[in-house]
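For reference, the structure discussed in these notes is given below.
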Amino acid sequence: MNARLPKVPPLPLALVLGVLTLGVWANLTLWHGPSISVVNHSGKIVEGVQICLPSGQCVSRPRLWPHQAWRVPLPAQHSSGVQLQTPQHQLTASLRPELGVQFVLKEGGRVQAVQ
């Protein structure tokens, strides 16, 4: 009674590539380092968004659409404040380097900084 088990084919290449792609996507979106993010919940297009560090380094984005988020990686060894500037808003927030900070632009021109 030598019963033979059916041969199991190796994993298809598409499945392996799919799992690798999912892993890379999860790494980029879920396990990123500390960052500064700006989320637009104002319901309007916000133009001229700029993030500045006390050292004078600034990065800018021409516009941020409603419900759009913008994430900027935090430079290494940065542990002081960060400033958000738009034509309508200016807010400085302190931050802990391991957490980063999130600016939320709300309706009516309000801005909230969350760690």
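Tabulated data for the structure shown
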{"item": "Leading residue by the ranking (surrounded by the fewest Cβ atoms within 10 Å (Cβ to Cβ)) among those in region 83-109 that are over 13 Å from Val49 (Cβ atoms) and at pLDDT 80 or above", "result": "Glu107"}
{"item": "Filtered residues of region 41-96 (kept if more than 16 Å from Gly108 (Cα to Cα), touching a residue at least 24 places away in the same chain (Cβ under 8 Å) and of a type in the set (Gly, Ala, Ser))", "result": "Gly48, Ala69, Ser80, Gly81"}
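The values are calculated or read from the model by the stated rules, or taken from the named source; none is laboratory data. All values derive from a computational prediction rather than experimental measurement. Every residue, glycine among them, receives a Cβ derived from its backbone with ideal geometry; neighbour counts consider all protein chains shown.
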